[in-house]
Amino acid sequence: MSVLAPAEEAEIAAAIAEAHAHATPLLLAGNATKNGLLRPVQAATTLSLKHHAGITLYAPNELILTARAGTKLADIEAAVAEKGQQIIAEPPDLGALLGEEGAQTLGGVVACNLSGPRRVTAGAMRDHVMGMRAINGAGEVIHSGGRVLKNVTGLDLCKLLAGSFGTLAAITEIALKVLPASETVATLAIAGLDARKGVAALSAALGAPFGVSAAAWLPRAEAARIPALAGFAAPVALMRIEDFRPSVAYRSERLRAALTDFGKGEIIAEAPSRVLWRAVRDAAPLGAVAPGEAVWRVSVRPSAGPGIIAAADALGGRAFLDWGGGLAWIVSGASAENHRAITAAVRAAGGVWWLMRAPDGLRASLDVIPPEPASLAAITRRVKAAFDPAFILNPGRLYAGL
Amino acid sequence: MIRLPDPKPETLAARARIVAGLRALLPESGVIAEPLRLKPYETDGLAAYRQVPLAVALPETTEQVAAVLRFCHENGVRVVPRGAGTSLSGGALPLADAVVVGLMRMNRVLAIDYADRLAVVQAGVTNIGITEAVRAAGFFYAPDPSSQLACMIGGNVNMNSGGAHCLKYGVTANNLLGLKIVTIAGEIIEIGGAHLDAAGYDWLGLLTGSEGQLAVVTEVTVRILRSPEGARAMLAAFRSNEIAGACVDAIITSGIIPVALEFMDRPAIHACEAFAHAGYPLDAEAMLIIEVEGSIQEQDDLLARIKEICARFDPISLKVSQSAEESAAIWKGRKGAFGAVGRISPDYLCMDGTIPTGRLPEVLRRIGEMSDSYGLKVANIFHAGDGNLHPLIMFDANDPESFHRAEAFGADILKLCVEVGGCLTGEHGVGVEKRDLMPAQFTAIDLDQQRRIKTAFDPDWLLNTAKVFPLTDALAPAA
Ligand SMILES: Cc1cc2nc3c(=O)[nH]c(=O)nc-3n(C[C@H](O)[C@H](O)[C@H](O)COP(=O)(O)OP(=O)(O)OC[C@H]3O[C@@H](n4cnc5c(N)ncnc54)[C@H](O)[C@@H]3O)c2cc1C
């Protein structure tokens with residue numbers, strides 16, 4: 001197993017061109033904290049972008065930051081926080097969940113399109129990628145978009161490469177839209193609602209004119225793992241409001257009044273709110289994942305969320321809902337039967353899944369994301385070939401044989 | 001003038017057979033082939049370019065779209081998808097040997113779900129039609145192009161259209177959940193659905209803004225949002241573009257993102273005031289319209305913060321609206337800007353580049369210099385928060401020389417946008433208009449990468465041929 005970790009884009013391009021010429025498969029990685037996601041890649045050589053790092057431009061007045069793919073996400077978070085701004089999609093740190101210790105990179109987060117609680121109202125990581133440089137599977141430098149906030153020139157390759165898990169090109173530089181961080185935050189918590197009523201409360205909150213920025217539902221045991229919520233000793237629906245102080249004070253009270261039908265409601269103050277949403281972001285309510293367990297991430301229409309929770313319960317798993325009920329995180333025993341049960345429920349709900357963590361043998365043999373219908377799978381193959389003609393970049397990561 | 005490829009002689013020769021073939025697939029009135037009735041389809045919002053198509057097909061169902069595309073594919077016939085035909089870049093301009101596939105008969109709202117905050121609509125539903133369908137429940141569809149009374153969601157998806165409020169709510173791409181598409185081979189494919197995010201490749205993201213190059217969209221699942229409690233505008237006028245630009249920076253860096261932040265230069269202010277009598281200050285060099293949302297108290301709080309910032313920039317006037325009527329008056333001039341410029345000069349080109357917002361003063365100065373050297377007037381309207389610049393170049397359509405100068409002027413402005421770090425188009429698309437400028441923004445390798453994706457969807461290049469991509473040898477007209 002050899003590892004290449006060049007610092008310069010030209011060297012990355014040369015390494016890929018070389019691999020292309022010899023049809024040598026490459027495992028693309030940032031800091032390699034996400035190799036356990038989806039299917040295992042069969043490649044003897046790893047091409048790491050972790051040394052291709054550094055913020056190349058930050059214009060707070062223009063709401064834009066560009067950085068090389070290997071830049072640690074934490075460094076970017078610190079740089080924007082210093083100017084009172086934030087990464088809009090609130091990307092999670094899944095290190096604990098995935099059992100990885102290293103610091104994740106911007107490139108990794110974008111390549112996996114990972115977004116946190118704010119995704120439900122403010123868009124995904126991919127929504128804020130304004131521009132990209134990347135190296136395709138032939139070793140050519142390509143770019144798309146730019147460092148401006150509105151751009152419809154040509155096909156939007158940024159959206160295609162975000163979330164492509166390194167199977168189309170090695171992303172080398174990313175231009176990210178950022179926004180001011182809100183002055184304060186508060187959370188309305190309504191305890192004692194089962195999944196169905198809980199999601200109904202979240203829908204009512206997201207459908208109210210009070211600018212709710214995140215909405216999650218935790219079963220009793222999952223809530224108990226978060227100190228600020230343990231006292232409820234019950235399942236709890238959580239709704240976050242972020243803005244200037246007067247707005248947060250006004251809206252959280254109005255929201256509480258609007259939702260009295262669902263229960264009394266308690267307003268959680270700024271400091272514990274920040275801790276609790278970070279925990280929701282990182283899927284911490286699931287607790288530690290044991291060696292024989294697997295982790296699924298599921299996206300469905302919010303009203304289908306309670307059905308997914310029921311499917312997880314039936315397997316004796318742990319689970320909770322974010323994104324107003326539309327994102328389900330599930331931990332359960334790592335087995336093909338459990339995978340079948342969960343994916344059947346997701347399929348019935350018209351949603352999608354990602355197998356986020358499982359033993360290698362298992363994840364090599366399962367549909368880690370939903371298979372595409374034949375007509376779309378044929379397009380997928382042709383588009384893959386359009387970027388990576390020798391099929392050398394992260395082979396097998398998404399689908400067997402691709 | 002931008003060149004179009006030579007029509008395929010075999011297609012022109014087979015016209016009668018093609019029309020008959022289409023008639024067999026569609027209801028009686030669904031195929032138009034009479035020259036007089038083809039005339040309305042000969043152009044779009046870029047009216048300087050005209051070309052009557054071979055025929056127009058008006059399917060009513062996704063299955064009919066599939067049948068038409070399969071037929072065209074089998075017969076090597078080019079296809080130009082069309083919504084309302086309001087494209088300002090010539091995106092829906094027909095070709096002489098192409099069948100226009102118009103989606104306007106697919107105009108039904110299929111489902112609305114308030115709990116999951118989405119609506120499923122056919123591609124021919126107008127942009128405003130979506131908001132109208134959900135307004136009674138207090139909801140709206142956020143992207144609001146100025147053409148929203150006419151333009152259709154299928155066109156919006158293919159152009160990734162924006163609007164005055166996209167600073168807060170995002171553009172079309174940020175407000176979609178799913179699509180039903182038909183490939184040129186006639187396959188019907190569902191993309192996305194009612195959930196967030198794609199598990200495999202983000203086809204939804206790729207198809208959005210693809211300008212009819214990849215597939216025909218027949219259904220769209222959009223996100224709908226709850227309307228805010230209220231909204232209110234204010235107006236701030238300044239002595240120079242530099243000062244107004246610095247004020248925009250100060251607002252954004254203070255942590256306030258207004259829902260709208262519109263900039264007008266002196267010629268735009270004068271044109272709009274003469275037209276709308278909105279009370280705009282005629283002694284100002286630049287003016288901002290700033291809108292905030294929320295309850296009355298929240299509006300007061302935000303407007304007070306913004307007013308205080310504006311006051312630091314020696315404004316000529318600052319007017320905070322006290323009512324919905326006053327807000328409407330402030331917006332009236334801006335919303336009527338196209339009509340207003342149209343009164344000064346019946347013919348104008350509406351350009352659409354994006355620049356880093358910090359470069360605005362310099363870009364406006366250079367546009368002013370170009371205006372002098374081309375001898376053509378220009379008024380600038382700018383979505384200041386996101387850097388999207390709309391210079392309106394005035395010319396005389398009866399004078400071909402004037403039109404050519406206007407086109408050259410426009411091209412120079414767009415190249416300037418790229419030069420300062422921006423792009424050729426922020427929301428109107430490349431179409432035919434900016435096709436030949438693409439090498440200013442992209443390398444040959446970039447363009448080939450995009451072309452290969454086009455080929456992956458449309459191997460014979462039948463869909464909206466000769467738009468977006470500079471003509472290659474295979475498509476270039478014989479000299
Ligand atoms: C007065 C005026 C104001 C405008 N203001 C704005 C504005 O504020 N913001 C903005 O972004 N734009 C604006 N536009 C431009 C235009 O309205 C938008 O580009 C709009 O989205 C086009 O929609 P349409 O239905 O008219 O599409 P068309 O013009 O018919 O088509 C646009 C493109 O999409 C393709 N297409 C259309 N429907 C489909 C489909 N179902 N499947 C596949 N391809 C399809 C066409 O081939 C073409 O390339 C304005 C235009 C005018 C005339």
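Each value in this text was obtained by applying a stated rule to the coordinates, not by laboratory testing. Everything numeric here is computed off the predicted structure, so don't read it as measured data. Backbone-built Cβ (ideal geometry, glycine too); neighbour counts: all protein chains shown.
Axis angle, to the nearest 10 degrees, between helix B:241-253 and the longest C-alpha principal axis of chain B: 90 degrees. Taking square-rooted eigenvalues a ≥ b ≥ c of the alpha carbon gyration tensor, is segment A:178-227 rounded, prolate or oblate, where a/c under 1.5 means rounded and, failing that, a/b exceeding b/c means prolate? Note, shape of segment A:178-227 comes out oblate. Along the axis of the charge dipole computed for segment B:2-102 (Cβ charges of +1 for Lys and Arg, -1 for Asp and Glu, origin at the Cα centre), the listed residues B:GLY45, B:THR62, B:GLY85 are led at the positive end by B:GLY45. Listed by Cβ neighbour count within 10 Å, with the fewest neighbours leading, A:ILE241, B:ILE2, A:ILE55 appear as A:ILE55, B:ILE2, A:ILE241. For segment A:1-108, just say rounded, prolate or oblate: build the C-alpha gyration tensor, square-root its eigenvalues into a ≥ b ≥ c, call rounded for a/c under 1.5, and beyond that prolate if a/b exceeds b/c, oblate if not. Oblate, since a/c reaches 1.5 and b/c is not below a/b. Which angle from 0 to 90°, rounded to the nearest 10, does the C-alpha axis of helix B:444-457 make with the longest principal axis of chain B? Helix B:444-457 and the main axis of chain B meet at about 50 degrees.
Sum up the charges of everything whose Cβ sits under 13 Å from the Cβ of B:TYR141, counting Lys and Arg as +1 and Asp and Glu as -1, but leave B:TYR141 out. Counting the neighbours of B:TYR141, the net charge comes to +2.
For the residues of B:440-453, the average number of beta carbons from a partner chain within 10 Å of their own beta carbon is 5.
Note on segment A:65-141 and segment B:93-160: Cα centroid distance 32 Å, given to the nearest whole angstrom. Which ordering of B:TYR114, B:TYR280 is given by a fewest-first count of other beta-carbon atoms within 10 Å? Going from sparsest to densest Cβ surroundings: B:TYR114, B:TYR280. Between 0 and 90 degrees, the angle of helix B:266-276 with respect to the longest Cα principal axis of chain B falls at about 80 degrees.
The modelled label-to-label distance between B:ARG239 and B:ILE316, using points 7 Å beyond Cα along the C-beta direction, is 1.2 nm. Take every pair of alpha-carbon atoms less than 8 Å apart whose residues are at least six positions apart; their mean separation over the length of segment B:345-419 yields a relative contact order of 43 percent.
Only Lys, Arg, Asp and Glu count, each charged at its Cβ (+1, +1, -1, -1), so figure out the dipole size of chain B about its Cα centre, rounded to 20 debye.
The calculation lands at about 680 debye.
Taking amide H as placed 1.01 Å from N in the peptide plane, A:LEU28 has its amide H under 5 Å from the amide H of A:LEU47, A:ASN394, each at least 5 places away in sequence or on another chain. For chain A, the membrane-span-like helix rule (DSSP H, alpha carbon extent of at least 15 Å along the helix axis, mean Kyte-Doolittle at least 0.0) picks out A:9-21, A:195-206, A:374-387; this says nothing about an actual membrane.
Taking the fewest neighbouring Cβ atoms within 10 Å as the starting point, the ordered list for B:PHE442, A:PHE210 is B:PHE442, A:PHE210. Take the Kirkwood radius over Cα pairs of segment B:151-201, plug it into Stokes-Einstein at 4 °C and 1.567 mPa s, and you get 104 µm²/s for translational diffusion.
Take the residue pairs A:LYS177/A:LYS264; A:LYS83/A:LYS197; A:LYS177/B:LYS454; A:LYS159/B:LYS180 and return only those whose Cα atoms are more than 30 Å apart. Beyond 30 Å: A:LYS177/A:LYS264; A:LYS83/A:LYS197.
Each 5 Å bin, from zero up to the one with the longest distance, holds this percent of the alpha carbon pairs of segment A:142-209: 3, 11, 15, 12, 9, 9, 14, 15, 10, 2, 0.
Sequence-distant contacts, meaning Cα pairs under 8 Å at least 6 residues apart, place the relative contact order of segment B:231-339 at 46 percent.
For chain A, relative contact order (Cα pairs under 8 Å, six or more residues apart, normalised by length) works out to 19 percent.
Its Cα gyration tensor gives chain B an equivalent ellipsoid. The semi-axes, each the square root of 5 times an eigenvalue, are 39, 27, 19 Å from largest down. About its Cα centre, the dipole of segment B:85-185 is roughly 100 debye, where the only charges are +1 on Lys and Arg Cβ and -1 on Asp and Glu Cβ.
Of all aspartates and glutamates in the structure, the ones whose alpha carbon falls short of 19 Å from that of A:LYS72, not counting any fewer than 8 places away in one chain, are A:GLU8, A:GLU9, A:GLU82, A:GLU90, A:ASP93, A:GLU100, A:GLU101, A:GLU173, A:ASP282. Modelled label positions at B:ALA13 and B:ALA474, each set 7 Å beyond Cα in the direction of Cβ, lie 2.2 nm from each other. The equivalent ellipsoid of segment A:184-281 has semi-axes of 19, 16, 10 Å, largest first, where each one is the square root of 5 times an eigenvalue of the Cα gyration tensor. Take each residue of peptide A:201-212, count the partner chain Cβ atoms within 10 Å of its Cβ, and average: the result is 4. Per q in 0.10, 0.14, 0.15, 0.22 Å⁻¹, report the Debye log10 I(q)/I(0) for segment B:109-226, using one uniform scatterer on each alpha carbon and no solvent. Reported log10 I(q)/I(0), two decimals: -0.25, -0.51, -0.59, -1.30.
Say the dipole of segment B:231-339 comes from +1 at the beta carbon of Lys and Arg and -1 at that of Asp and Glu; which of B:ALA337, B:ILE243, B:SER321 then lies farthest toward its positive end? With unit charges placed on the Cβ atoms, the residue in question is B:ALA337. In sequence order, segment B:125-142 has phi-based couplings of 6, 6, 4, 5, x, 5, 4, 4, 5, 10, 4, 4, 8, x, 10, 8, 9, 6 Hz under the Karplus curve 6.51 cos²θ - 1.76 cosθ + 1.60, θ = phi - 60°, and Gly or Pro positions carry x. Just so you know, the averaged projected area of the alpha carbon convex hull for segment B:25-97 sits at 4.9 nm². When only alpha carbons are used to place a centre, segment A:330-384 and segment B:429-452 end up 36 Å from one another. For B:ILE445 and A:ASP261, the FRET efficiency from 1/(1 + (r/R0)^6), where r spans their Cβ atoms and R0 equals 51 Å, is about 0.30. Just so you know, the Rg over Rh for chain A is 0.97, from Cα atoms, with Rh as the Kirkwood radius. Considering only B:HIS404, B:VAL19, B:PRO258, the residue lying farthest towards the positive end of the dipole of chain B is B:VAL19, judged by Cα position with unit charges set on Cβ.
Each Cα pair of segment A:329-391 feeds into the Kirkwood radius, which the Stokes-Einstein equation turns, at 10 °C and 1.306 mPa s, into a diffusion coefficient of 118 µm²/s.
Along its first, second and third principal axes, ordered by size, the protein assembly as shown spans 77, 63, 56 Å in Cα coordinates. Of the trypsin sites (Lys or Arg not before Pro) found in segment B:306-339, the ones in coil according to DSSP and having at most 11 other Cβ atoms within 10 Å of their Cβ are B:ARG312.
Only lysine pairs 8 or more places apart or on separate chains count here, and in segment B:327-447 those with Cα atoms under 25 Å apart total 5.
Of interest is the spacing of the C-alpha centroids, which for segment A:1-27 and segment A:152-170 amounts to 19 Å. Histogrammed with a bin width of 5 Å, the alpha carbon distances of segment A:2-180 distribute as 1, 9, 18, 23, 21, 15, 8, 4, 1, 0 percent, first bin at zero. Using a cut-off of under 16 Å, list every residue of segment B:310-326 whose amide N is near the label point 7 Å from the Cα of B:ALA304 along the Cα-to-beta-carbon line. Output list for this probe position: B:310-311, B:320-322. Our coupling estimate for segment A:175-180, obtained by passing each phi through the Karplus curve with A = 6.51, B = -1.76, C = 1.60 and θ = phi - 60°, is 9, 10, 6, 10, 9, x Hz, Gly and Pro reported as x.
Classify segment B:231-339 from the C-alpha gyration tensor, please: rounded if a/c falls under 1.5, else prolate or oblate depending on whether a/b exceeds b/c. Here segment B:231-339 falls in the oblate category. Under the convention that each Lys and Arg Cβ holds +1 and each Asp and Glu Cβ holds -1, the size of the dipole of the protein assembly as shown around its Cα centre is about 1460 debye.
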